[in-house]
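Participant: One structure, pasted below without further comment.
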Amino acid sequence: MAQKHETWGWMLAVDFFFAGMGGGMLVIAGLSDLFLGVGMTSVLGNLLGPCFVGLGACLLVLELGRPFQSWRVFMNPKAILTFGAWNMLFAIGSGFIYTSFGIGALPWSNSIPVREFFAVTNVIFGMIVATYPGVLLARHKSRPFWTGTGIMGLFLISSLVTGGAAHMISQYVYGAISSIVSSWGIVDASSSAVLRGLPFFVAGLLALQLILWIGYVWIKHSGSTKRETIAAERWISGNYAMPFKGGFLLLGTFLPLVLVLIPGDLMKGLGALLVILGGLIMRLLVVYSGQDRTWLPGEQKYRSRLPLGHEAFLKAWNSK
Amino acid sequence: MARYAMVIDTRSCIGCHSCTVACRVHNNLPVDMIYNPVTTVGPTGVYPNLHMAHIPLLCMHCEQTPCVNSCPTGASQRREDGIVWIEESKCVGCKTCVMVCPYGARVSNHEKGTVQKCDFCFDRVDKGSIPRCVQSCHQKARIFGDLDDETSEVFKLVNGEHAVRLLDDLGTEPYVFYIYGLEG
Amino acid sequence: MNRNVDLEQEGIEIKKSCCYFCHENCGVLAYVKDGKVIAIEGDPEFPTNAGGLCCRGNIALKHIDHPARINYPQKRVGKKGEGKWETISWDQALSEIAAKLTQIKDESGAEAVATAGGTARTDDWARRRFMNLFGSPNGFHNAHLCWMPTFMIETAICGWSPFDLDMGNSRVIILWGQNPGASGMPAMHHLTELQRKGLKIVVIDPRYTETAAKADLWLPLRPGSDCALALAMLHVIIYEGLADDAFIAENCVGYEELATHVADFSPEWAAPLTWLTEEQIREVATIYATNKPGNIQWGTTLDQQGRTAGGAIHARALLRAVTGNLDRIGSDLLSGPSLDSITEEEMECNEYLTDEQKAKQIGSDRFKLMTWPGYSKIAENTRKVWGKAPTAEWMCEAHPPSVFNAILTGKPYSVRALLVSATNPVNSYGNSKVVLEALRKVEFMVTCDYWMTPTAALSDYVLPIAGALERPTMTTVYGCADFILASQRAIQPMYERRNDYNFWKDLGIQLGQKEMWPWETVEDAYHYKLEPCGYGLDTYDEFVEFYRFHFPEREYNKSQRQGFATPSGKIELYSSVLKDLGYSPLPEYVGPVENEIDHPELAKEYPLVLSTGNGFMPFHHSEQFQIKDLRYLRHEPYFQINPVTAAEYSIKEDDWVWIETQRGRMKQKADLTQAVAPRVIITQRGWWFPEREVVEPDLGGCLESNTNVLTSTRDEDCDPMSGTWANRGLLCKIYKVTATDEKGGN
C-alpha cells in the first residue's frame, strides 16, 4: 500500500530503459555519421532510436497518476523532469528527421549540411536523454543508492551499450531484409553499410560497465554513510544479489562481452540481445532500489506494521 | 511576512496518534493515506534500563525544497510564509516529489491520481487559527507559530532549547524542529 | 472538522457536546447545521481536555453514520446467531420484550432477569431504577475490573474513596498500575505540566508504558505482585520512622494492630516476590512518605488481580493513612457525594427493591463487599456523615461470572433473560468461552448497542442506541464525585436510535412503572437532578450553555468537621466493616492467582507470567475496530514479549503465536520488545474482527485473539471480598501458530 514503500513502478524503469537505449542509438548514429561517414548505421536502427525514446515517453505518461494531464510536465523549466521531457520531445523529432535522410525517395535526402546538422542534434539530445535519468536519480539525497554523480555514468554507459547493441541487431535484421526493402525503391539500399567496429565499441563499453558497476557497489558499501552501506547490501547479499550478479553482471554484461567478440553474426546477435536484457534488468533494479529511503527514527517499524492493502477490514463496509 | 514553523517537543509526546487521525479527518484522506505518522524509537536499552521516544513526522516545510524544485508542473509551491503546498489541479502524479522528499512526507492519492501532503492546514492558519494536529494534541507537544516573531513560543523554543532538525546533513533546512528528550 | 466544510456559513449552531468514546468525556464543540453535525473540534474551554482530542475523539463523525451502525430495532427471525433479522418498530420491540419479561417473572421470579453493562457510558441509574422497580437484584457491569473494589474497600476504611487528587499542591504522585499515556489523555497532560513544575511521578507497572517512559521513577514489578509491594511499603514506613504519627494519632484507629500485622512484610521478604530489589522498595516508600503532600492515583490494575486484589487494594489504601496523605491539602481528598445536586443513587429507587429480592442477588452469599450485604453496611455509614450513599449501580452488583454460571447450570437458580446494554461480554468479561456458552444458552436476550457485536448477534432483539453527539452527558465519576461536568447533545439521535435512558423508561412503562418515570427526556431527568443546585434555570440545555460545570469549593480537612464515615468515625486501619463482613480487618498477603511459588506443578506446564487487559491506543475495550481510520494504525493484535524469551521459543518479530492458559488459548502476533521482563507475556485486550461475518460459529472471530479466553473467573481465583476475577498475574505457555493449526479460539 502507498504508505509502506511508495516508489516508482516498473513502467518508469522500462521508460528509462527504452529512452536510454533510444538516446544511445541517436548518439551512435550521429557520431558515426559525423566522424566515420554517411550510412554507417542502418535506417532501421536510425528509425528505432526515436521510436524507443517515444515508447519510453509513453510509459512515462502511463506511470503518471493523471495521464491526461501529462502536458503539464512541460511547465516548470527549472525542474529536471521538465528538462528531460522537452529533450525527449526534441530527441524524437531529431531522430525521425535524421532517419528521413536515409530514405532516398525524399527530396532532401541528399542535402548533406542539413543531414549533418541533425546528426549533431541527434548527438546532443540523444546524449541528454541517455544521461538524464541518471542525473534525475543522482539528485535524490535521501535515496542512498541513487545519490551522487556515479549513477549518471552508469546510466550513460548502459544507454550507449544498449544503443550499440540495438544498432547491431538492427543492422543484422536490416541486412537480412535489405533486398526486400530495396525492392520498394524508397530507401537507399547503399545506406545499409555495416559499421564494422560496433561490436568492439560495445565490448569496450561492456568491460567498462563491468568494472564501474563492481566499483560503484563496492564504493557504496564501504561508503560514507551507514545508510549507503545498508542499501548496497541489498545488491551484494540481499534480495537483489541474484538478479544483479547473475542477471546483470554475468548474463547481461560479462557473457555478451565474450559473445560479441566471437566472429559470426549469430553469436554477436545473441550477445547484443543479452546486452539489452542486462540493461532492462539494471533499470528495474535501480528504480526499485529507490524504496530504500533514508529512514527516519522508528519509521521502518511503523510502516512495517501498516496494512498491505489486501486486508479484509479495508474492503468491509464500503457499500452505502 | 511570517515564517511559519513547528516545534515538536518529544519530551511531551506520548505516541497516542491523535495528530495522525485528526489530520486524516480534517483533510478527508482515503484510509491508506497518512500525512503525519508518529513513530516510536525504542524502548532502547535492556529491561529495565530503558528509554523510549515518539517522533511525530510531517512535511518539514523546508527552506531548500527539493520537492518544489523537481516538480515538472509547478504544482508544488512554497509560499512566502514558508508553507509548502501542492496546487492539486496542476499535479499530474509523477511522484518525483514523493521520491525526492527525504522525509517521506508526500503521499499519492490513488483515488485522485495526485500527490498530497501536509500544508500546515493553511486553510485554518490563514484565518488566524492553528493546524488541526496542533489543536488536537492533548500533550501540547506540537507548537506552531511564526519564527520571525521574537515573542512567539516557537522562536523561544528554537532559540532557547536544544532543538534539532531531522536529516540536517542533507541541507534541506526544515522548519520543523524537534526538542529531544533523548537518552534521559 | 473537515477542511472542505465552511464553518462561517449561515445557520451554523455550535453545541457544547462531549466525546463519548471513553468515560473521560472530553469537551467537544459540535458545528450543527440543519440537524446534522458538519464538524467537531475539542472544546478549548473545557477544563479537562482544553481543546485536545485523542484519536478516538477525532473520529466522531466517522462513527455517527458508519455503514455498520444499527439504526433500527432488529428482531431475530432465524436461529440464534444465524444472522437473520427483521426490522421492526420500537413499539413492537418494547411490547414483545415486556411480554416475555412478564412471562419469565411470573414463572421464575424477577431475579431470573439479569442485565449486563460495560463501561460507564450509559445512564446507569436508569438501568438500576428499572431493575429495582421490576424487582431483580441481578444487574452487573465490569465494575469489578474497573475501580469498584478499590472504591468499596477505601470507603469501608475511611468513609469515602479519596479519589479526588489535589495534584496542583502535591509533590509526588504514584501511578499504581495506571497508564494515562494510553488511557487518560487529559490526566496525562496535567501530569506532564505538573512534572515540569516539580511534581515527581512514580510509575508502578510491569510494563515500560507510555507513562513509565516519562516517569521520574519506574518500578518494574512482577505482574500480580502488588500486594507484596504495598505490604512491604507499609512495613518500611512504619518500621523505618516514616509514618505521620500526629496524623495517625488524630485520625486513625488500629495502628498497633497494623504495625504488628506488617512486621514480617519486610522489603527482604517482598523482593523475591516482586522481582524488585529491597532498595527499590525502600526508595518508593521513602519518596512517598517524605515528599508530602503526595498522591496515589487509582488504576484499575489492582482491581483486576483476582484473589490477591482485595489485600493489595487494602494495603495500598492504608499507605495514605499512615503517611497522612489524606484529606489534607495536596493529598488525596474525600470529595464525598454531591451534596448540591440529586445524586445517581438518589435516582435509583433502591428502596423499592425488597429485602427478600436483595437477598437473592447472585454472588452475595460469597462476595459480600460489592453486593447488598457490604453495600448496605457501607451506605449506612456514609449516610450518617455525608447524608448520602455511593451509587448502587456499579458498587452493589450481582457477581458476573456467577450469573453466567447460573445461566449454564441453573444454580443457585436459573437466569432466563439477559438485558445487555453497552457491552460485548464475549470480549470484555472473564473466561470468554464460558461467557459465550452462557450467551448461546440464555433463553432470552436483548442487546442495546451501536453495532452487531458477537453478543448482539446472539440476541433475540437488538436495539439501536444513540451514541456520541446524539446524547447529553452528565459526568459525575459514576455518581460519586461532588462536581458535575455537563454536555448537551449536538443533534437528536439519527434514524431510530434512542438513548438507553429511553429504553429503560419505555420498557418500564410497558411493565406498569409509568408513574415512576416522570421525565420524558433524559434532559428532563438531568434538569431534575440539577435543580437543587439553585441555578434557577428552566432546562438542562440552559445549564450547559451558561454554566456547563458545577464545582463546589474544594474543602480540605473535612474530617475535622465531620469525622470519617466509618463506625468509629476514624480511619480504620483495622477495619471493623471488613471484619463484620467476615473478612480480615487487615490486609492479608495473597500471592498472584497463579504463580511458581504456590503452584510449582502448574508453573512447569505454564512457565510464563501473563498479564492481560491493559488499554492501548487507538481502541477502547472491544470498540472501534470498525473505524478504518483507527484500525489502519493497528490492524492486527500484538502481544509483548522480551527478545530473550522470544529467542528461547524461536519466535520472531510478527510471528503469530498461541498463548494458552488452563482456560484455553488464543493467538496474537509477537512484538519483541524490551518493554517487558523476560518470562512475561502481556497481551492486548478487546480484539474481535467485525469485518468478518458476525454469525455462528465464528461470530466475528470473537475468541480467536481474545485475551479473555485466558483469564480466570473460578470462585477460588476471585477476590473473596469483591469477587473480582483474575486478568493479571496468571501463568501461560506459548507456541508458534503453524499452518495446520491456525483455527482460533480454543
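Participant: Which residue, of A:R303, A:R283, is at pLDDT 90 or above, touching a Lys or Arg at 6+ places or on another chain (Cβ under 8 Å) and of a type outside the set (D, E)?
Facilitator: Exactly one of A:R303, A:R283 is at pLDDT 90 or above, touching a Lys or Arg at 6+ places or on another chain (Cβ under 8 Å) and of a type outside the set (D, E), namely A:R303.
Participant: Here are the criteria: (1) within 16 Å of A:A232 (Cα to Cα); (2) crowded, with 19+ Cβ neighbours inside 10 Å; (3) within 12 Å of chain B (Cβ to nearest Cβ). Tell me which single one A:R283 does not satisfy.
Facilitator: (3)
Participant: Collect the residues in segment C:3-50 that are touching a residue at least 40 places away in the same chain (Cβ under 8 Å), within 14 Å of B:V25 (Cβ to Cβ) and not aliphatic (A, V, I, L, M), keeping them in residue-number order.
Facilitator: C:C19, C:F21, C:E41
Participant: Further question on the same structure: Determine, yes or no, whether C:K733 is of a type outside the set (V, I, T), within 14 Å of chain A (Cβ to nearest Cβ), farther than 22 Å from C:I204 by Cβ and surrounded by fewer than 20 Cβ atoms within 10 Å (Cβ to Cβ).
Facilitator: In short, no.
Participant: Related question: Find the helices (runs of 4 or more DSSP H) located wholly in segment C:53-117 whose residues include 1 or more that are under 30 Å from C:P618 (Cβ atoms), and list them.
Facilitator: C:55-58, C:60-64
Participant: Another question, if that's okay. If I go through segment C:673-699 residue by residue, how many of them are closer than 18 Å to C:W218 by Cα and more than 11 Å from every other protein chain (Cβ to nearest Cβ)?
Facilitator: Residues meeting the conditions: 1.
Participant: A further question follows. In segment C:170-190, which residue that is of a type in the set (A, V, I, L, M, F, W, C) and at the interface with chain B (Cβ under 10 Å from one of its Cβ atoms) is farthest from C:A50 (Cα to Cα)?
Facilitator: Checking each candidate, the answer is C:A182.
Participant: Conditions first: (1) without any contact (Cβ under 8 Å) to a residue 60 or more places away in the chain; (2) touching a Ser or Thr at 6+ places or on another chain (Cβ under 9 Å); (3) within 14 Å of chain B (Cβ to nearest Cβ). A:L156 passes all but one, so which condition is the exception?
Facilitator: (3)
Participant: Give me the strands (runs of 3 or more DSSP E) completely within segment B:1-101, filtered to those with at least 2 residues that are within 13 Å of chain A (Cβ to nearest Cβ) and within 14 Å of the chain's Cα centre (by Cα), ordered by residue number.
Facilitator: It comes to B:38-46, B:49-56.
Participant: So which of A:V120, A:V114 ends up being without any contact (Cβ under 8 Å) to a residue 24 or more places away in the chain, touching a helix residue (DSSP H, G or I) at 6+ places or on another chain (Cβ under 7 Å) and surrounded by fewer than 19 Cβ atoms within 10 Å (Cβ to Cβ)?
Facilitator: Criteria check complete, one pass: A:V114.
Participant: Here is a follow-up. Among (1) facing chain A (nearest Cβ under 10 Å); (2) part of a strand (DSSP E or B); (3) in contact with a Gly (Cβ under 9 Å, 6 or more places away or on another chain), where does C:F625 come up short?
Facilitator: Result: C:F625 fails condition (2) only.
Participant: Let me ask something additional. Of all residues being surrounded by fewer than 18 Cβ atoms within 10 Å (Cβ to Cβ) and more than 7 Å from chain B (Cβ to nearest Cβ) in segment A:52-82, which is nearest to the chain's Cα centre (by Cα)? Just the residue, please.
Facilitator: It comes out as A:C58.
Participant: When the residues of segment B:147-182 are narrowed to those that are within 14 Å of chain A (Cβ to nearest Cβ), part of a loop (DSSP other than H, G, I, E, B) and more than 24 Å from C:K214 (Cα to Cα), which ends up farthest from the chain's Cα centre (by Cα)?
Facilitator: B:G171
Participant: For A:G65, only one of the following conditions fails: (1) within 23 Å of A:S289 (Cα to Cα); (2) in contact with a helix residue (DSSP H, G or I) (Cβ under 9 Å, 6 or more places away or on another chain); (3) among the small types (G, A, S). What is its number?
Facilitator: With (1) within 23 Å of A:S289 (Cα to Cα); (2) in contact with a helix residue (DSSP H, G or I) (Cβ under 9 Å, 6 or more places away or on another chain); (3) among the small types (G, A, S) applied to A:G65, the lone miss is (2).
Participant: Only one residue in C:I627, C:I651, C:I597 is hydrophobic (A, V, I, L, M, F, W, C) and buried (at least 23 other Cβ atoms within 10 Å of the Cβ). Which one?
Facilitator: Matching residue, one of C:I627, C:I651, C:I597: C:I627.
Participant: Which of the numbered conditions does C:R554 fail, given that it passes all the others? Conditions: (1) touching a residue at least 40 places away in the same chain (Cβ under 8 Å); (2) out of contact with any helix residue (DSSP H, G or I) (no Cβ under 9 Å at 6 or more places or on another chain); (3) surrounded by 16 or more Cβ atoms within 10 Å (Cβ to Cβ).
Facilitator: Unmet condition: (3).
Participant: On the basis of being without any contact (Cβ under 8 Å) to a residue 60 or more places away in the chain and of a type in the set (S, T, N, Q), does B:N49 make the cut?
Facilitator: yes
Participant: With respect to B:K90, is the statement that it is in contact with a Gly (Cβ under 8 Å, 6 or more places away or on another chain) and modelled with pLDDT of 95 or more true?
Facilitator: Yes; evaluated as a whole, the condition is true for this residue.
Participant: Pull up segment A:87-108, narrow it to residues that are more than 16 Å from A:C51 (Cα to Cα) and part of a helix (DSSP H, G or I), then point me to the one that is nearest to the chain's Cα centre (by Cα).
Facilitator: A:W108
Participant: Just name the residue that is surrounded by the most Cβ atoms within 10 Å (Cβ to Cβ) out of those in segment A:83-100 that are farther than 21 Å from A:G9 by Cβ and within 12 Å of chain B (Cβ to nearest Cβ).
Facilitator: Among residues in segment A:83-100 that are farther than 21 Å from A:G9 by Cβ and within 12 Å of chain B (Cβ to nearest Cβ), the one surrounded by the most Cβ atoms within 10 Å (Cβ to Cβ) is A:F83.
Participant: Could you grab me the full set of residues in segment C:199-221 that are more than 11 Å from chain B (Cβ to nearest Cβ) and either at pLDDT below 95 or in contact with a Gly (Cβ under 8 Å, 6 or more places away or on another chain) (or both)?
Facilitator: The one that is more than 11 Å from chain B (Cβ to nearest Cβ) and either at pLDDT below 95 or in contact with a Gly (Cβ under 8 Å, 6 or more places away or on another chain) (or both): C:I204.
Participant: Still on this model: With the requirement that a residue be free of Cβ contacts under 8 Å to residues at least 40 places away in the same chain and within 18 Å of C:N71 (Cα to Cα), what does segment C:434-473 give you?
Facilitator: The answer is C:T447, C:T455, C:A466.
Participant: Next up: Within segment C:477-524, count every residue that is farther than 26 Å from C:S338 by Cα, part of a loop (DSSP other than H, G, I, E, B) and of a type in the set (A, V, I, L, M, F, W, C).
Facilitator: 4
Participant: Suppose we keep only residues that are acidic (D, E) and farther than 20 Å from C:T119 by Cα within segment C:1-44. Which one would you say is nearest to the other protein chains (Cβ to nearest Cβ)?
Facilitator: C:E41
Participant: Only one of (1) buried (at least 18 other Cβ atoms within 10 Å of the Cβ); (2) in contact with a helix residue (DSSP H, G or I) (Cβ under 9 Å, 6 or more places away or on another chain); (3) modelled with pLDDT under 95 is not met by A:F125, so which one is it?
Facilitator: Checking A:F125 against (1) buried (at least 18 other Cβ atoms within 10 Å of the Cβ); (2) in contact with a helix residue (DSSP H, G or I) (Cβ under 9 Å, 6 or more places away or on another chain); (3) modelled with pLDDT under 95, the one that fails is (3).
Participant: For B:F120, which of the numbered conditions (1) outside any loop (DSSP other than H, G, I, E, B); (2) out of contact with any Lys or Arg (no Cβ under 6 Å at 6 or more places or on another chain); (3) more than 14 Å from chain A (Cβ to nearest Cβ) fails to hold?
Facilitator: (1) is the only condition that B:F120 fails.
Participant: Please go through segment C:222-243 and pick out each residue that is charged (D, E, K, R) and within 14 Å of another protein chain (Cβ to nearest Cβ).
Facilitator: C:R222
The values are calculated or read from the model by the stated rules, or taken from the named source; none is laboratory data. In this text the structure is predicted, and so the values were computed from the model without any measurement. Note: ideal-geometry Cβ built from the backbone for every residue, glycine included; neighbour counts use all protein chains shown.
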